[in-house]
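What follows is a single structure, written as structure tokens, with notes after it.
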Amino acid sequence: MNGGTPAGAASLRAGDPSGAERAAALRRLAVTTLDANWEHDHTVPSRTLYPHQWSWDSAFIALGLVHVRPDRAWRELRTLFAAQWADGRVPHIVFNPALRVGSYFPGPEFWDSGRADGAPATATSGIVQPPVHAPAAWLVHRQAPSEASLQALHWLYPRLVAQQRYLTGRRDVGGGGLACIVHPWESGLDNSPAWDVPMAAVPADATVMRAYRRHDIAHADAAHRPTDLDYARYVAIVAAYRAGRYRDEGLARRHPFLVECPLVNSALGAAEQALARIATVVGADPGPHRDRAARITEAVVARLYDPVTGTFHPRDLRTDRLVPARTVLGLMPLVLPDLPARQVRAVLAEACSPRFGLAARMDRPLPSYDRTAPDFEPLRYWRGPSWLNTSWLLWRGLRTHHRPDLAAGLRESMFALVAQAGCHEYFHPDTGEGLGSPAFSWTASLLLDALADG
Ligand code: 9WN
């Protein structure tokens, strides 16, 4: 079964159930979706499109699982971190060896992680995703503290620290105290307009895709996915990194894509804040984590904030310039609790502008890209559609910065989306139509988390 049929949602459309009935129906749908996507020691993002384990998906999934099956929340994180590389990188995909060749592109044979130093025995990709795992681990523990959660935190803490060390060490290619991403997939917002300028500099020819079989467009509408030219570049960037066996030394000289992403670096700062809290519970010193959080926040402001646009942008390290697109990535620094008041005000103004439409009563969901931009594409993946994870991150940021009115509006818009369309991967930013996978795990899990905050 795919778990995506919004049984509750169908009845919601037909009638006008009370808030409690709607919440119960949404909860049932979310639990059904997560149960259907559980795969012996982890959750797949989607049975069809993404049948392996993904890094930041697992963090979001743990945040929902804790409300129904806390043991699975910890299992999810442990399985992911068991595949951590010796240098501390947490791979963006952990491949399930039981699946047939061709169940996902690019698969384990393409990544060839076995030939890289310090890779685990399990086949993985060689790149990372936003480090949202430390805040997830902390919230999971806080939601359901127990002897088991303490043990899990003891096991995870050194691994989370190693993940941070990798990102702030080997990945500080720009030398300014931030981590750089070496592939758009590392941002989690694969084909965001944020990457158009740096991607245009990557030499590629769409016809190379004739040599491969894209798995995604067998399961989703090609018009809602990245293009063949995008994929040709994705493949070329992986091939360049793989040729150096995923080593990070000398990237500045040889790698075709090097960008500092506001989401990745905001997550990096928030992770240090969470590690400070975890440290107090596991008997470690929280002080260095707080210091690092402060330094990362300063660097995010110094390197990624544009006072002219009043929002945050990625920095392309190959040109040392900020990329011009105004995307949802620019709102993500709100997750940093010590973001200075000036930037908090600016991000709120950007979020509440017609570009993103945040309001205490939202008439449309939060888009992934500036609605007023001429190249806004309401159907294509991260180039316009609304996603639950970026909404959830902004929702957390709004609460951190004491805007319960806006947080409530955003939360309600998330509920409305799923009530109407089900646990889809993403949604049309005007009509709310469900797009991509119909039974997507982080939509279900983040919905559960938002529902629990009643
Ligand atoms: C490539 C699994 C992942 C998410 C990403 C999302 C999408 C993969 C793909 O799916 O990316 O990593 O094949 O398109 O963009 O954020 O983690 O859900």
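The values are calculated or read from the model by the stated rules, or taken from the named source; none is laboratory data. Everything numeric here is computed off the predicted structure, so don't read it as measured data. Cβ atoms come from the backbone with ideal geometry, glycine included; neighbour counts cover every protein chain shown. These area figures cover heavy atoms from the full protein model, side chains too; ligands, DNA and RNA do not enter into them. Shrake-Rupley method; radii C 1.70, N 1.55, O 1.52, S 1.80 Å.
Against the conditions (1) open to solvent by 30 Å² or more (accessible area, probe 1.4 Å); (2) touching a residue at least 24 places away in the same chain (Cβ under 8 Å), where does Pro145 fall short? Just the number, please.
Against the list (1) open to solvent by 30 Å² or more (accessible area, probe 1.4 Å); (2) touching a residue at least 24 places away in the same chain (Cβ under 8 Å), Pro145 comes up short only on (2).
So Asp172 fits all but one of (1) touching a residue at least 24 places away in the same chain (Cβ under 8 Å); (2) more than 16 Å from the ligand (Cβ to nearest atom); (3) under 30 Å from Val300 (Cα atoms); what number is the exception?
Condition not satisfied by Asp172: (1).
Condition first: within 16 Å of the ligand (Cβ to nearest atom), under 20 Å from the mean Cα position of the chain (by Cα) and either part of a helix (DSSP H, G or I) or not basic (Lys, Arg) (or both). Can you find one or more residues in region 110-123 that meet it?
no
Can you name the residue in region 421-447 that is in a loop (DSSP other than H, G, I, E, B) and touching a Phe, Trp or Tyr at 6+ places or on another chain (Cβ under 7 Å) and, of all such residues, is nearest to Pro70 (Cα to Cα)?
Cys423
Considering only residues that are among the hydroxyl-bearing types (Ser, Thr, Tyr) and either within 20 Å of the chain's Cα centre (by Cα) or open to solvent by less than 20 Å² (accessible area, probe 1.4 Å) (or both), which ones fall in region 148-171?
Matches in region 148-171: Ser149, Tyr166, Thr168.
Could we say that Leu34 is within 14 Å of Trp442 (Cα to Cα) and within 16 Å of the ligand (Cβ to nearest atom) here?
yes
In the set Leu49, Leu65, which member is in contact with a helix residue (DSSP H, G or I) (Cβ under 6 Å, 6 or more places away or on another chain) and surrounded by 24 or more Cβ atoms within 10 Å (Cβ to Cβ)?
On the way: Leu49 fails: surrounded by 24 or more Cβ atoms within 10 Å (Cβ to Cβ).
Answer to the check: Leu65.
Sort out for me the helices (runs of 4 or more DSSP H) sitting completely within region 216-328 that have 2 or more residues that are within 16 Å of the ligand (Cβ to nearest atom).
216-219, 228-243, 262-282
Have a look at Pro97, Pro45 and point out the one that is over 25 Å from Leu150 (Cα atoms), within 16 Å of the ligand (Cβ to nearest atom) and touching a Ser or Thr at 6+ places or on another chain (Cβ under 9 Å).
Pro45
Identify the single condition in (1) open to solvent by less than 10 Å² (accessible area, probe 1.4 Å); (2) on the phi < 0 side of the Ramachandran plot that Asn96 does not satisfy, given that it satisfies every other one.
(1)
Looking only at residues that are in contact (Cβ under 8 Å) with a residue 60 or more places away in the chain and among the small types (Gly, Ala, Ser) in region 180-225, which one is most open to solvent (accessible area, probe 1.4 Å)?
Per the criteria, the residue is Ala201.
Yes or no: Thr48 in a loop (DSSP other than H, G, I, E, B) and hydroxyl-bearing (Ser, Thr, Tyr)? Steps first, please.
Values: in a loop (DSSP other than H, G, I, E, B): yes; hydroxyl-bearing (Ser, Thr, Tyr): yes.
Yes; evaluated as a whole, the condition is true for this residue.
Results for (1) more than 16 Å from the ligand (Cβ to nearest atom); (2) closer than 23 Å to Leu336 by Cα, shown as yes or no for each residue.
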residue: Ala360; (1), (2): yes, yes
residue: Ser368; (1), (2): no, yes
residue: Ala373; (1), (2): yes, no
residue: His401; (1), (2): yes, yes
residue: Leu406; (1), (2): yes, yes
residue: Met414; (1), (2): yes, yes
residue: Ala421; (1), (2): yes, no
residue: His424; (1), (2): no, no
residue: Phe440; (1), (2): no, no
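A quick yes/no check of all residues on (1) under 20 Å from the mean Cα position of the chain (by Cα); (2) modelled with pLDDT of 95 or more; (3) open to solvent by less than 20 Å² (accessible area, probe 1.4 Å):
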{"position": "Arg318", "(1), (2), (3)": "no, yes, no"}
{"position": "Val328", "(1), (2), (3)": "yes, yes, yes"}
{"position": "Met362", "(1), (2), (3)": "no, yes, no"}
{"position": "Pro365", "(1), (2), (3)": "yes, yes, yes"}
{"position": "Asn389", "(1), (2), (3)": "yes, yes, yes"}
{"position": "Arg411", "(1), (2), (3)": "yes, yes, no"}
{"position": "Phe415", "(1), (2), (3)": "yes, yes, yes"}
{"position": "Ala419", "(1), (2), (3)": "no, yes, yes"}
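Report yes if Leu178 is touching a strand residue (DSSP E or B) at 6+ places or on another chain (Cβ under 6 Å) and part of a loop (DSSP other than H, G, I, E, B), otherwise no.
Yes, satisfied.
So is Pro429 crowded, with 24+ Cβ neighbours inside 10 Å and farther than 22 Å from Ala25 by Cβ or not?
yes
Can Val235 be described as β-branched (Val, Ile, Thr) and either closer than 30 Å to Ser391 by Cβ or open to solvent by 20 Å² or more (accessible area, probe 1.4 Å) (or both)?
Against the criterion (β-branched (Val, Ile, Thr) and either closer than 30 Å to Ser391 by Cβ or open to solvent by 20 Å² or more (accessible area, probe 1.4 Å) (or both)), Val235 does not qualify.
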